[in-house]
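First comes the structure, then the notes that go with it.
What follows draws every value from the coordinates through simple rules; no lab data is involved. The structure displayed is predicted, hence computed values, not measured ones. Don't worry about glycine lacking a Cβ; one is built from the backbone with ideal geometry, like all the others, and counts go over all protein chains shown.
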Amino acid sequence: MTGLVLKLKPNEKVLVNGVVLQNGDRAASLRVRSEDVSILRARDAIRQEEAVTPLTRIYYIAQLAMAGEADPKQADAEIRAGIEPLKSIFSGEVAIDLARAEEASKEHKFFVVMRAVKRHFELEKALLDRASSNSALAS
């Protein structure tokens, strides 16, 4: 059998095509057989105040578009504008994922954008922390 399998914890919330669903009292697995379905687990969502770095801002914009809270064309433009300056900073696997996110954004596949950038949140945080501590030492 093919399709995305969602494993939900008891009472876990999930957004499916803009509709919030909540699991019951027991863990459950659901197989999503349709293509082009927008699905976001509440635990994977970030709040606006958490979108403070370039990658988290890209993720947040994609999340809004996926949830139907932002115009897909405008979100695509903002995502690609956010990715553009990062191309000269990152290389290797991050650069590959940024290219993947850029292509997915053009096609309005915002879940792919989110997945591509989220993989690098920890690296981005480490780099920003190191830059912050280096600038504090230089002061």
Karplus-derived 3J(HN,Hα) from phi for segment 41-54 (6.51 cos²θ - 1.76 cosθ + 1.60, θ = phi - 60°), whole Hz, x at Gly and Pro, runs 6, 4, 5, 8, 7, 10, 8, 4, 5, 8, 8, 10, 10, x
When the chain is treated as a GNM, springs tying every alpha-carbon pair under 10 Å, which of Pro72, Pro85, Pro54 comes out with the largest mean-square fluctuation?
-> Pro85
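Counting other Cβ atoms within 10 Å, keep those with at most 15, restrict to DSSP loop, and tell me which trypsin sites (Lys or Arg not before Pro) in segment 69-111 are left.
Here no loop site has a sparse enough neighbourhood.
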Treating only Lys and Arg (+1) and Asp and Glu (-1) as charged, each at its beta carbon, one finds that the chain has a dipole about its Cα centre, in Debye to the nearest 20, of 480 debye
Please build a GNM for the chain, connecting alpha carbons under 10 Å apart, and tell me which residue among Val16, Val52, Val94 fluctuates the most.
-> Val52
Work out Dmax and Rg for segment 4-43 from the C-alpha atoms and quote the Rg first, both in angstrom.
-> 9.7, 28
Per residue of the chain, what 222 nm ellipticity follows from adding -39500 (n - 2.57) for every DSSP H run with n ≥ 4, rounded to the nearest 500?
-> -15500 deg cm²/dmol
Restricting to Cα pairs under 8 Å and 6 or more apart, the percent relative contact order of the chain works out to 19 percent
How many angstrom lie between the C-alpha centres of segment 104-128 and segment 12-83?
-> 12 Å
How many times 2.2 N^0.38 Å is the alpha carbon radius of gyration of the chain?
-> 1.17
How long is the gain from Leu30 to Asp44 if the chain were fully straight, where each residue apart is worth 0.36 nm and the alpha carbon distance is subtracted?
-> 3.3 nm
Anisotropy class of segment 32-112 from Cα gyration tensor, a/c 1.5 cut | prolate
Of Ile89, Ile58, Ile79, the most mobile residue in a GNM of the chain (C-alpha springs, cutoff 10 Å) is Ile89
Contact order relative to length for segment 72-139, counting C-alpha pairs under 8 Å separated by 6 or more residues, stands in percent at 27 percent
